[in-house]
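First the structure, in the form of structure tokens, and then the observations on it.
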Amino acid sequence: MPEFVKVMKTYDILPGEIKSFDVEGEVIAICHINGNFYAIKDECSHMAYPLSDGSLDGEIITCAWHGAKFNVKTGDVLSMPAVVPIETYQLKIEGENVYVLIEL
């Protein structure tokens, strides 16, 4: 059953940054874009390298290893070599706490 799990505080990630978290066995990258937070599976769909090693430009994350690009809001692939979208996770913010919806 899906459940919201507290991951971090809103001030733990500066705007434009990506951080990786282990949440109940799932490795999730959280991106901070202009006061909004987005959660994705921290794994490139091309070769399973961590996307949190990459760079963030607006809502586009670029894999550091082979240059695949994804939209962190939707998970959509924006450039090859990846062809499969990445998983995204629903977030909620209560006060300064950031929660991610995951399957427990």
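At-a-glance table
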| item | result |
| --- | --- |
| Test result for G16, in contact with an Asp or Glu (Cβ under 9 Å, 6 or more places away or on another chain), more than 18 Å from Y99 (Cα to Cα) and in a loop (DSSP other than H, G, I, E, B) | yes |
| Count of residues meeting criterion [in a loop (DSSP other than H, G, I, E, B), of a type outside the set (S, T, N, Q), at negative phi and in contact with a Pro (Cβ under 9 Å, 6 or more places away or on another chain)] in segment 67-104 | 3 |
| Residue that is farthest from the chain's Cα centre (by Cα) [pool: residues in segment 33-63 that are within 16 Å of F21 (Cβ to Cβ) and β-branched (V, I, T)] | I61 |
| Failed criterion for H32 (all others in (1) surrounded by fewer than 16 Cβ atoms within 10 Å (Cβ to Cβ); (2) out of contact with any helix residue (DSSP H, G or I) (no Cβ under 7 Å at 6 or more places or on another chain); (3) not in a loop (DSSP other than H, G, I, E, B) hold) | (1) |
| Some residue of segment 28-37 being out of contact with any Cys (no Cβ under 9 Å at 6 or more places or on another chain), at pLDDT below 95, over 21 Å from A82 (Cβ atoms) and not acidic (D, E) | yes |
| Selected residue (only one of E59, E96, E103, E87 is at pLDDT below 95 and of a type outside the set (F, W, Y)) | E103 |
| Long-range neighbours under 6 Å by Cβ, at least six apart or interchain, first residue in contact (Cβ under 8 Å) with a residue 40 or more places away in the chain within segment 31-51, second in a helix (DSSP H, G or I) | C44/L51 |
| Unmet criterion (only one of (1) at negative phi; (2) loosely packed, with under 15 Cβ neighbours inside 10 Å) for G58 | (1) |
| Residue check for E96: exposed (fewer than 12 other Cβ atoms within 10 Å of the Cβ) and in contact with a Ser or Thr (Cβ under 8 Å, 6 or more places away or on another chain) | yes |
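The values are calculated or read from the model by the stated rules, or taken from the named source; none is laboratory data. Everything quoted here is computed from the prediction, not taken from an experiment. Neighbour counts are summed over all protein chains in view; Cβ atoms, including those assigned to glycine, are modelled from backbone coordinates with ideal geometry.
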